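The values are calculated or read from the model by the stated rules, or taken from the named source; none is laboratory data. Bear in mind that the values here come from a model prediction, so they are computed numbers and not experimental data. Neighbour counts run over all protein chains shown; Cβ positions are idealised from the backbone, glycine included. These accessible areas exclude ligands, DNA and RNA; they are computed on the full protein's heavy atoms, side chains included. Shrake-Rupley method; radii C 1.70, N 1.55, O 1.52, S 1.80 Å.
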Amino acid sequence: ASTLGAAAAQSGRYFGTAIAAGRLGDSAYTTIANREFNMVTPENEMKIDATEPNRNQFNFTQGDRVYNWAVQNGKRVRGHTLAWHGQQPGWMQSLSGSDLRSAMINHINGVMAHYKGKIYSWDVVNEAYADSGGGRRDSNLQRTGNDWIEVAFRTARAADPAAKLCYNDYNIENWTWAKTQGVYNMVKDFKSRGVPIDCVGFQSHFNSGSAYNSNFRTTLQSFAALGVDVQITELDVQGASATTYANITNDCLAVPRCNGMTVWGVRDSDSWRSGDTPLLFDGNGNKKPAYTSVLNAL
Ligand code: XIL
């Protein structure tokens, strides 16, 4: 195969990218994105601040731009993200307790109803664990009660039974890290109690502080053994080492339930990590060595 999407499809997997609505007018960008990828994650357009800027006033203008571009070009969409401490609109940041709990449920219902039956998988909850210690991150959502995550997943299942429901986080790739074990224990608990969860997203933003480690494969295998799909959801690698990209690809391929990978942007110039060159295409749209190593691994 000569593209990432087609190469991943050879083993029944997808290969995706984050897409920004604001770049859809750039034909160099859309040409590469359309050619190489068969899954799309809106980079910001389905987040809480974008979709519910005022309480109970939903706005899907930007989300629909990305969604429509994807579907018109034959791609599937990962929804990102419904319950998160980040990129909350001002009105939500100031809520707490049962009022915030109701607002979270209303938000999940409102967004999932709009996209009902159209989304491959939703990142229902994003980044709920603390960076160290293995426990929950302190946030307004966490302060509504420890059960907020399972409430979000149960709400999501009822809102769109066709979508796969994922928990998504960063720094859970290294099996030896407490944060990884914290999330693993949550998923294990959810599966044992019948809380609806279908997948775990490993953001995979690798850099010097959280470097790729070969035990990532153990992590993917261990989570998959709990009975969930695992997906690499926001991949970028500081410096874009071709070897590291190949290793990550091979880790996913080694795990039957690792059913897809998504890079967090098309060209280095599209990356959220300014000053870094972590992606598969350079700013001129040329394929980098990391691109070739991923394509050859797939
Ligand atoms: C980032 C986007 O790439 C930026 O454009 C935005 O300014 C901030 O958010 N984890 C996530 C993503 O789950 O939503 C984040 O995306 C990157 C880290």
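Residues that are open to solvent by 20 Å² or more (accessible area, probe 1.4 Å) and either closer than 16 Å to D64 by Cβ or not hydrophobic (A, V, I, L, M, F, W, C) (or both) within segment 15-42 comprise G22, R23, L24, G25, D26, S27, T30, T31, N34, R35, N38, listed in sequence order. Among the residues of segment 172-205, those that are away from the ligand (no atom under 16 Å from the Cβ), open to solvent by less than 10 Å² (accessible area, probe 1.4 Å) and under 21 Å from G260 (Cα atoms) comprise T180, V187, I197.
One residue stands out among those in segment 104-144 that are more than 20 Å from D169 (Cα to Cα), aliphatic (A, V, I, L, M) and open to solvent by less than 20 Å² (accessible area, probe 1.4 Å): the one that is nearest to the ligand (Cβ to nearest atom), which is V111. Of the helices (runs of 4 or more DSSP H) lying entirely inside segment 206-298, those carrying at least 3 residues that are open to solvent by 20 Å² or more (accessible area, probe 1.4 Å) and over 30 Å from R193 (Cα atoms) are 242-253, 289-297. Condition test on R35, is it basic (K, R), in contact (Cβ under 8 Å) with a residue 24 or more places away in the chain and more than 16 Å from the ligand (Cβ to nearest atom)? Yes, satisfied. Selection of first residues in segment 157-171 that are more than 12 Å from the ligand (Cβ to nearest atom) and open to solvent by 10 Å² or more (accessible area, probe 1.4 Å) and of second residues that are assigned to a loop (DSSP other than H, G, I, E, B) and modelled with pLDDT of 95 or more, restricted to Cβ pairs under 6 Å at least 6 apart or on distinct chains, gives the following pairs, ordered by first then second residue: R157/P196; A162/G117; K164/D198.
Hey, among the residues in segment 145-156 that are more than 16 Å from the ligand (Cβ to nearest atom) and touching a residue at least 40 places away in the same chain (Cβ under 8 Å), which one's surrounded by the fewest Cβ atoms within 10 Å (Cβ to Cβ)? Walk me through how you get there before you give the answer.
Of segment 145-156, the ones more than 16 Å from the ligand (Cβ to nearest atom) are 145-148, 150-151, 153-156.
Of the ones still in play, those that are also touching a residue at least 40 places away in the same chain (Cβ under 8 Å) are 145, 148, 150-151, 153-156.
Numbers: G145: 12, W148: 22, E150: 18, V151: 19, F153: 24, R154: 18, T155: 21, A156: 26.
Among those residues, the one meeting the criterion is G145.
Can you report the number of residues in segment 48-84 which are open to solvent by 10 Å² or more (accessible area, probe 1.4 Å) and either more than 15 Å from the ligand (Cβ to nearest atom) or under 15 Å from the mean Cα position of the chain (by Cα) (or both)? I'd like the intermediate steps shown before the answer.
Here is the first cut: in segment 48-84, the residues open to solvent by 10 Å² or more (accessible area, probe 1.4 Å) are 49-50, 53-62, 64-65, 67-69, 71-76, 84.
Those left that are additionally either more than 15 Å from the ligand (Cβ to nearest atom) or under 15 Å from the mean Cα position of the chain (by Cα) (or both): 53-61, 64-65, 67-69, 71-76, 84.
The total comes to 21.
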